[in-house]
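Reviewing the structure listed below.
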Amino acid sequence: MQIKHINSSSYYQRINQSSPTCIDLFCGAGGLTLGFCQAGGIPVGAVDSDKISIATYRQMFPMCQEVHCGSIEAWQPNTKIEQVDVVIGGPPCQGFSQARGLRFVDDPRNHLYKHFVRLVNHFQPTWIVMENVPGIKSIGKGVILQQIYEDFEAIGYWLDCKVINMADYGVPQSRKRAIFVGSRIATSFNWPEPTHHPRKKIISPDDSTQLSLFENKLPYQSVLDALGDLPWPMGQYFSHRANSQMRGPRNRKVDTEPAFTLRIRGDEFALCQFPAQGAFIPGALPDVDFVYRYTTNSFQQMMREEPPAWIEGYVQPPVCNRAIEELIGTRRLAVREQARLQTFPDWYTFTGNPYAQGKQIGNAVPPLFAKQLFEAIFKQLGNSKRIQRQICGTTESILQEVLVST
């Protein structure tokens, strides 16, 4: 694999042939891979059984040597893939989830992670990252979790698991996920420090312990922080439709609170003029010209940064000094808004119809969190392999320019 360096915007980070490589299993639309690239790495392989997600992945990561659409059980890796530093992925979580009050210890989907183990054993990466729902830690009174630890230990990997709220890392969404990090060269991992804290948290000046926990941390990114420069009218509340486990809909203030956890159905959520009540149905998305408003914060600027060199044909929308229109009634979220709440930059596009795009977004790992996680891994990986990376400028969102020829 040859990599050509491009001198361009100071916002981008150069990478070279010693940059870390990854294979993304159950890759979906590529949220983990994007974070890996943003941290300075290169994907060399990916697998998923969903054709639409794979179409998105191929479009967004054309440098990836092998992108396989099909069953992971049957996948035999390309022999051209010589070195894999990190194996990453999120096995389907339905069998582990506590959603709808059901948890199945014997659900066959719970064993897809076994193929994750098989491929880790095949590639022998230095580090592994696996994402799942928080319920994986308690299902079967911890039987599944213990089995996962034992399976990785059997092939020589130390493993740690932590339940993380993505909002603690600047994602404008309260989204808790179980993150597994493992290594065959280390017995500990320095998790990245949270960067944000809840706005509602009240700390007493006399509580020095709590004050130190929140020192140098920013308030959670709100829905308005994330979406305020987009052209659609903005409501006062971000609302979640009631389901069989909820007595009624839930509401959050747009200007001070992050969104609820995005799911695969974007029509479960709405922006509302008033707090949602009863079994509401989100109104239609207004048809507006896509033009940017002026940015008001660094998150919006990060979402609007130009794409890396491997993305061709992207044209950034024009900017105008247009005031935010106040929403009357309710409306569903635009796909671009869903992507923003999941921290996909605006140049990142998804294939399929709006439902398929929303499903890809809802299933993804927020790239902004993934970037911070992989930066911490690369630091430890670099200490052992002396991986050097040349930084061209700094920005809150560091993306890469890379052209790959094989």
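Of note:
- Residue within the stretch 46-63 that is touching a strand residue (DSSP E or B) at 6+ places or on another chain (Cβ under 9 Å), of a type in the set (A, V, I, L, M, F, W, C), at pLDDT below 95 and in a helix (DSSP H, G or I) present: no
- Looking across GLU375, GLU337, GLU305, one residue alone is more than 17 Å from the chain's Cα centre (by Cα) and among the acidic types (Asp, Glu). It is GLU305.
- For the residues GLY30, GLY90, the requirement of being buried (at least 24 other Cβ atoms within 10 Å of the Cβ) and either among the polar types (S, T, N, Q) or within 23 Å of GLY313 (Cα to Cα) (or both) singles out GLY30.
- When the stretch 173-199 is limited to residues that are touching a Pro at 6+ places or on another chain (Cβ under 6 Å) and not in a strand (DSSP E or B), the one that is farthest from LEU368 (Cα to Cα) turns out to be ARG199.
- Selection status of ASN243, on the phi > 0 side of the Ramachandran plot, at pLDDT below 85 and assigned to a loop (DSSP other than H, G, I, E, B): no
- Of all the listed residues (ASN321, ASN297), the sole one being farther than 14 Å from ALA29 by Cα and in contact with a Phe, Trp or Tyr (Cβ under 9 Å, 6 or more places away or on another chain) is ASN321.
- Among all residues of the stretch 85-93, there is at least one that is modelled with pLDDT under 75 and within 18 Å of MET130 (Cα to Cα).
The values are calculated or read from the model by the stated rules, or taken from the named source; none is laboratory data. Predicted model, so just to flag it, every value in this text is computed and none were measured. Neighbour counts are summed over all protein chains in view; Cβ atoms, including those assigned to glycine, are modelled from backbone coordinates with ideal geometry.
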